[in-house]
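Reading through the structure tokens given below for one structure.
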Amino acid sequence: FDAVKDFTPISGLAQGALIFSVNNNVPARTVQEFVKILKADPGKYSFATTGFGSAGHLAIAQFAYEAGLSSLDIPIVLYRGGGPALTDLIGGQVHGLIDPMLSSLPMVKTDKIRALAVTGAKRSPLLPDVPTMQEAGLKNFEFYSWYGLWAPAKLPDAIQKKLDAATQKVMTSASMKEQLSGLGFESAYRNGADFAQYIQAETARYSTIIEQAHITAE
């Protein structure tokens with residue numbers, strides 16, 4: 001299927017910054033310290049990802065590019081889900097992970113892993129002492145996992161508008177914003193037209209990251 005042509009974008013829903021975290025035994029307390037040890041000892045420190053082409057994988061690729069690292073400097077290990085990846089990060093089988101806040105935050109809060117940065121444009125109220133990637137020195141780094149509502153292609157306009165109106169009412173409510181905030185997300189409601197434009201912009205941005213990182217389909 002075609003991820004764009006085969007669906008009708010109804011509404012954008014929410015977005016959430018990711019956490020850049022490392023195993024507690026990694027000798028780095030900041031992103032810049034981690035970059036230095038990655039460059040000093042290429043290939044020694046690996047990153048986990050829960051899927052090639054996932055938000056976490058693309059965030060790692062952008063980090064490597066912005067930090068002046070090559071793909072050989074940070075081996076990437078594929079895991080079947082966030083649970084196994086976090087388990088091995090805690091155990092030291094892998095050394096770094098860029099993962100949605102929802103899954104990584106409890107491990108950070110209990111000091112099982114160390115958060116070096118968050119990937120949003122501003123600090124998270126759930127981790128107020130953890131800098132953004134931009135504050136950590138990667139000036140062009142901003143990355144979110146985002147979520148939306150789609151329907152099959154060629155959905156009648158009247159139905160699309162009705163679904164969008166209902167979605168807007170829910171996603172902009174105070175109670176929903178509060179629930180999302182507690183999970184590390186924020187309401188990012190966009191109507192169908194704006195959401196379609198956002199998808200196009202994000203697709204172009206991901207294509208650039210993929211090209212810069214020389215990621216190819218297998």
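Ranked from largest to smallest solvent-accessible area, with a 1.4 Å probe on the protein heavy atoms, 154, 44 come out as 154, 44.
What dipole magnitude, in Debye to the nearest 20, does the chain give about its Cα centre under +1 on Lys/Arg Cβ and -1 on Asp/Glu Cβ? Intermediate values should be presented prior to the final figure.
Values: 19 positive and 20 negative charges, 71 e Å.
Dipole about the Cα centre, nearest 20: 340 debye.
Simple rule: put +1 on each Lys or Arg Cβ and -1 on each Asp or Glu Cβ in the chain, find the dipole, and look at 210, 174, 159; the Cα lying farthest toward the positive end is 174.
Whole number in Å², please: accessible area per residue of segment 49-92, 1.4 Å probe, ligands, DNA and RNA not counted.
Details: 1930 Å² over 44 residues.
Counting only protein heavy atoms, the per-residue value for segment 49-92 is 44 Å².
Students often get this wrong, so try it: which of (1) 16.1; (2) 12.4; (3) 13.2 is mean projected area of the Cα convex hull in nm² as calculated from the structure shown? Among (1) 16.1; (2) 12.4; (3) 13.2, the one derived from this structure is (2). What ratio of Cα Rg to 2.2 N^0.38 Å holds for segment 97-175? Against the compact-globule rule of thumb, the ratio is 1.53.
Below 8 Å between Cα atoms, with a sequence gap of 6+, how large is the relative contact order for segment 37-125 in percent?
On the way: 99 pairs, mean separation 29.0, N = 89.
33 percent.
Separation of segment 1-43 and segment 142-176 by C-alpha centroid, Å? For segment 1-43 versus segment 142-176, the Cα centre distance is 26 Å. Cross-link partners for residue 5 among the lysines, with Cα-Cα distance under 29 Å and sequence neighbours closer than 8 places in the same chain left out: 154, 161, 162, 169.
Cross-link partners of residue 139 among aspartates and glutamates, defined as those whose alpha carbon lies under 19 angstrom from its own and excluding same-chain residues fewer than eight positions apart: 33, 66, 129, 202.
The values are calculated or read from the model by the stated rules, or taken from the named source; none is laboratory data. Just so you know, these numbers come straight off a predicted model, no measurement behind them. Virtual Cβ from ideal backbone geometry, glycine too; neighbours counted across all protein chains shown. Quick note on the areas: whole protein, heavy atoms, side chains included, nothing else; ligands and nucleic acids left out. Shrake-Rupley method; radii C 1.70, N 1.55, O 1.52, S 1.80 Å.
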